[in-house]
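Contents: one structure, followed by commentary.
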Amino acid sequence: MQKQKFGALIYYKFALLAGLSIFFFTSYNLTNWYTANRSDVGSLVFSWESSTPLWAWTIVPYWSIDFMYGLAILLASSKQSLKILCLRLFSAQIICITCFLIFPLKFSFERPHLDGFLGLWFDVLMGFDKPFNQAPSLHITLLVILWQFYKSYLQSKFTQLLLHAWCLLIALSVLTTWQHHFFDVPTGLWAGCFCIWLWPENGIAPLKNKSYPKQYTWSSIYFLLFLLSLSLAIYIGGVGLWLLWVAGAFGLVSANYLLFGATGFQKQANGHFTLAVAILYLPYFVIMWLNSRLWTLKNKPADFILDNVYLGRIASQNTLQTQRIVSIVDLCAELPIGQFNGYYSLIPVLDMTPLSIEQCQRAAEKIDQFQKQGSVLVCCALGYSRSATAVIAWLLLTKRATNVEEAIIKVKAGRSSVVISSKQQTVLINWFNRIQKGSCSGQFE
């Protein structure tokens, strides 16, 4: 039976490899042919790129990605990992081909004829790879996805070091074989990270989250910031094109508020982000971190509230050591915590949005559990609203306050800058009423 399952998986892998290969070469060649016949194809190249060397030997790492592509599919250890890998590779193809058709670009350098064995490999490459598919670099996009796969597959530090070095050579080769201009590289990196974000390891894809309540106001604000960044990038050009990164981050944040909720940030259970997610959101993360420090400049990082419970901004290494924090309840979806080895619980909530009844319950129970073991920090970006709401819920759940108003007063006595919106107060009142009814009937409904 085991052999039959193994054999079926092997056939399944080869079928997927064949299907992806056919789709790859068909879509790639058709796009090349179509773009070659267009009259509106320009080039996006910086003046300093004229000094980019042509290193013929880098055709070897350049070609090696084809081997890595096929081998990765055959090495996938389970149907789930195989599914995620293939979805990422397929998405990469769709995204890049779409960009090639909408924003066609051409490589502008004339490569001299190369002789010998290496020259033969260039001739074979140019037999099907025309200089019309540029940004984002499909080569870089696929490389990011394959690097992520092999990094998880290879266990020893030595093999991982070899992987990093070889992938760096492949990334360099897109420039030193004169296949791509520099603009194609960061855009390819972003596209690869986007594919990993779109199909995360845990299988919970952002597109599957259909229950999140839409936040039209904040989604619109971030969408306007996306349009502004995009317009400035196009208008300024040159160095200003880095604003496309900012635009991409704002676009994702807008989508989170409208469609995906806090799961769109994909903050992990340890309070950190994967490298791919960090790259996608980096401009936004930097802005939000600076914002958290500026708004709390006149406040302590954390204030004592009651019975081992501290309320403050997102935990830094210094705060954790100073307050001797042994547990953290984190309500922040958009910023990572510092290195922490104690008890940690993540209940991610989007900035400027109220906690739901369920989140109030979870947060209150977790705080109550942690505070019995020592100092617990309840935090969000500023320590003003989301985390404050969680502490208020804890006071109500444990009968340290008899009503919402009294709980707010107690929290503000410890951290005066706390702001609880009328909408959040309504949620707290409704939740507390359910708590009281549940205690009368012997259960929480």
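Would you say Ile279 is under 25 Å from Asn430 (Cα atoms) and in contact (Cβ under 8 Å) with a residue 12 or more places away in the chain? So Ile279 fails the test. For the stretch 300-331, a tally of residues being closer than 22 Å to Met288 by Cβ, of a type in the set (A, V, I, L, M) and not in a helix (DSSP H, G or I) returns 8. Return a yes/no flag: does the stretch 79-98 have any residue that is open to solvent by 60 Å² or more (accessible area, probe 1.4 Å) and assigned to a loop (DSSP other than H, G, I, E, B). No, the stretch 79-98 contains no residue that is open to solvent by 60 Å² or more (accessible area, probe 1.4 Å) and assigned to a loop (DSSP other than H, G, I, E, B). If you go through the stretch 184-193 one residue at a time, do you hit one that is surrounded by fewer than 17 Cβ atoms within 10 Å (Cβ to Cβ), touching a helix residue (DSSP H, G or I) at 6+ places or on another chain (Cβ under 6 Å) and in contact (Cβ under 8 Å) with a residue 60 or more places away in the chain? Within the stretch 184-193, not a single residue is surrounded by fewer than 17 Cβ atoms within 10 Å (Cβ to Cβ), touching a helix residue (DSSP H, G or I) at 6+ places or on another chain (Cβ under 6 Å) and in contact (Cβ under 8 Å) with a residue 60 or more places away in the chain. The residue that is nearest to Gly338 (Cα to Cα), among those in the stretch 259-272 that are of a type in the set (A, V, I, L, M, F, W, C) and modelled with pLDDT under 95, is Ala269.
In the condition set (1) within 30 Å of Ile170 (Cα to Cα); (2) out of contact with any Leu (no Cβ under 9 Å at 6 or more places or on another chain), Pro213 is compliant with all but (1). Please go through the stretch 137-166 and pick out each residue that is within 28 Å of Leu101 (Cβ to Cβ) and in a helix (DSSP H, G or I). Passing the criteria: Leu138, His139, Ile140, Thr141, Leu142, Leu143, Val144, Ile145, Leu146, Trp147, Gln148, Phe149. Screening the candidates Val349, Val378, Val427 for the property of being under 19 Å from Ala262 (Cβ atoms), modelled with pLDDT of 95 or more and surrounded by fewer than 24 Cβ atoms within 10 Å (Cβ to Cβ) yields one hit, Val427. Scanning the stretch 126-143 for residues that are out of contact with any strand residue (DSSP E or B) (no Cβ under 7 Å at 6 or more places or on another chain) and open to solvent by less than 20 Å² (accessible area, probe 1.4 Å) yields Asp129, Asn133, Pro136, Ser137, Leu138, Ile140, Thr141, Leu142, Leu143. Selection over the stretch 388-412 of residues that are without any contact (Cβ under 8 Å) to a residue 40 or more places away in the chain and either farther than 27 Å from Leu297 by Cα or open to solvent by 30 Å² or more (accessible area, probe 1.4 Å) (or both) gives a count of 12.
Looking at Leu311, Leu243, Leu252, just one residue is farther than 30 Å from Leu44 by Cβ and open to solvent by less than 70 Å² (accessible area, probe 1.4 Å), and that residue is Leu311.
Among what's in the stretch 144-157 and is within 20 Å of Thr176 (Cβ to Cβ) and out of contact with any Gly (no Cβ under 6 Å at 6 or more places or on another chain), pick the residue that is least open to solvent (accessible area, probe 1.4 Å). Once the filter is applied, the top-ranked residue is Leu146.
The residue that is least open to solvent (accessible area, probe 1.4 Å), among those in the stretch 99-125 that are within 21 Å of Phe183 (Cα to Cα) and not in a loop (DSSP other than H, G, I, E, B), is Phe100. Scanning the stretch 352-372 for residues that are out of contact with any Phe, Trp or Tyr (no Cβ under 8 Å at 6 or more places or on another chain) and surrounded by fewer than 18 Cβ atoms within 10 Å (Cβ to Cβ) gives Ser356, Glu358, Arg362, Glu365, Gln369, Lys372.
The values are calculated or read from the model by the stated rules, or taken from the named source; none is laboratory data. Since the model is a prediction, treat every value here as computed from it, not as a measurement. Don't worry about glycine lacking a Cβ; one is built from the backbone with ideal geometry, like all the others, and counts go over all protein chains shown. Each accessible area value is taken on the protein alone, full model and side chains, heavy atoms only, with ligands, DNA and RNA left out. Shrake-Rupley method; radii C 1.70, N 1.55, O 1.52, S 1.80 Å.
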